[in-house]
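The values are calculated or read from the model by the stated rules, or taken from the named source; none is laboratory data. In this text the structure is predicted, and so the values were computed from the model without any measurement. Glycine also receives a Cβ, built like all others from the backbone with ideal geometry; neighbour counts cover every protein chain displayed. The accessibility values were calculated without ligands, DNA or RNA, using every heavy atom of the protein model including side chains. Shrake-Rupley method; radii C 1.70, N 1.55, O 1.52, S 1.80 Å.
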Amino acid sequence: GAVVSQHPSWVICKSGTSVKIECRSLDFQATTMFWYRQFPKQSLMLMATSNEGSKATYEQGVEKDKFLINHASLTLSTLTVTSAHPEDSSFYICSAITGLDQPQHFGDGTRLSIL
Amino acid sequence: SQQGEEDPQALSIQEGENATMNCSYKTSINNLQWYRQNSGRGLVHLILIRSNEREKHSGRLRVTLDTSKKSSSLLITASRAADTASYFCATEPDRGSTLGRLYFGRGTQLTVWP
């Protein structure tokens, strides 16, 4: 149980393109989903917290107009990297929880490469 | 920063040996969690220990928590080559708007040689 599916797993695109990443909880309803960014051999940096039906809460320093988050249902959150540039290249990972004080369930991540 | 800090950054051992990783953090917490990440993949949850707990076991894993020292340790006993991965501690702060969020340390890269 508690499977999170993240799609696509790998994206290569040209600078200026907008890229959408989906995060789905397959067998449970997620009260909250989270989006992280990870650079090679480094920690996960929390970007934003996403709750169904409300605006995402962004961490300090994360541009909300650059990283658009939509949480349309209890099983789906999307992250859109708008007008992506090479510095946006990274590994993006989502996670979901069923409630507070519970473990997070992670997707397998999306490797984004902007040329 | 609310992040935890793992120590050591890298650990290399032989199969059968025990591996110990430490984590220190700064803020009051609801719980502390340990995760494992294989290269280029998502994270797998290992153990969650709550602030009122001192020790927890799961198979070959043993986690301790000392809230007075704001530190935790993860012990993997009788390690196997398949345990090779990065291990992260993550803390869930206990207050207000940060409820539910996790803040990760930099991780320990564990290599277990056959």
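Observations, loosely collected:
- Candidate cross-link partners of A:Lys14 among the lysines, defined by an alpha-carbon separation under 26 Å and a same-chain spacing of 8 or more, comprise A:Lys41, A:Lys64, A:Lys66.
- For the set A:His85, A:His71, the ranking by accessible area, highest first and with no ligand, DNA or RNA atoms included, is A:His85, A:His71 under a 1.4 Å probe.
- About the centre of its Cα atoms, the protein assembly as shown shows a dipole size close to 80 debye [charges on the beta carbon of Lys, Arg (+1) and Asp, Glu (-1) only; nearest 20 debye].
- Extreme residue, positive dipole direction of chain A, given options A:Thr82, A:Thr17, A:Val62 (C-beta unit charges): A:Thr17
- The stretch B:47-114 and the stretch A:80-115: distance between their alpha carbon centers, rounded to Å: 22 Å
- Reference-scaled alpha-carbon Rg (2.2 N^0.38 Å with N residues) for chain A: 0.99
- q = 0.34 Å⁻¹: log10 I(q)/I(0) that the Debye formula gives for the stretch A:1-42, counting C-alpha atoms only: -1.22
- Percent RCO, i.e. relative contact order, over chain A, from Cα pairs under 8 Å lying at least 6 residues apart: 37 percent
- Across the protein assembly as shown, the fraction of Cα-Cα pairs farther apart than 32 Å, rounded to a whole number, is 18%.
- Computed over the stretch A:17-75, the P(r) tail beyond 16 angstrom holds 49 percent of alpha carbon pairs.
- Relative contact order for the stretch B:34-110: 26 percent, from Cα pairs under 8 Å spaced at least 6 residues apart, divided by residue count.
- Ligands, DNA and RNA are left out, and with a 1.4 angstrom probe the accessible area of chain B is 47 Å² per residue.
- Of B:Ala85, B:Ile29, B:Ala19, farthest towards positive along the dipole that unit charges on Lys, Arg, Asp, Glu beta carbons give chain B: B:Ile29
- Relative frequency of Cα-Cα separations exceeding 22 Å in chain B, percent: 27 percent
- Estimated dipole of chain A in Debye, rounded to 20 [Cβ of Lys and Arg +1, of Asp and Glu -1, Cα centre]: 260 debye
- Potential lengthening of the chain between A:Thr82 and A:Glu52 amounts to 8.7 nm, from the contour at 0.36 nm per residue minus the alpha-carbon distance.
- Remark: mean inter-chain Cβ contacts per residue of B:30-41 equal 3, using a 10 Å Cβ-Cβ cutoff to other protein chain atoms.
- For the pair B and A, total buried accessible area rounded to nearest 100 Å², probe 1.4 Å: 1700 Å²
- Cys residues of chain A that find no other Cys beta carbon under 4.7 Å: A:Cys13.
- Accessible carbon and sulfur surface of the stretch B:1-98 relative to its total accessible area, %, 1.4 Å: 44 percent
- GNM result for chain B, Cα springs below 10 Å: residue of B:Gly100, B:Gly40, B:Gly16 fluctuating most strongly: B:Gly40
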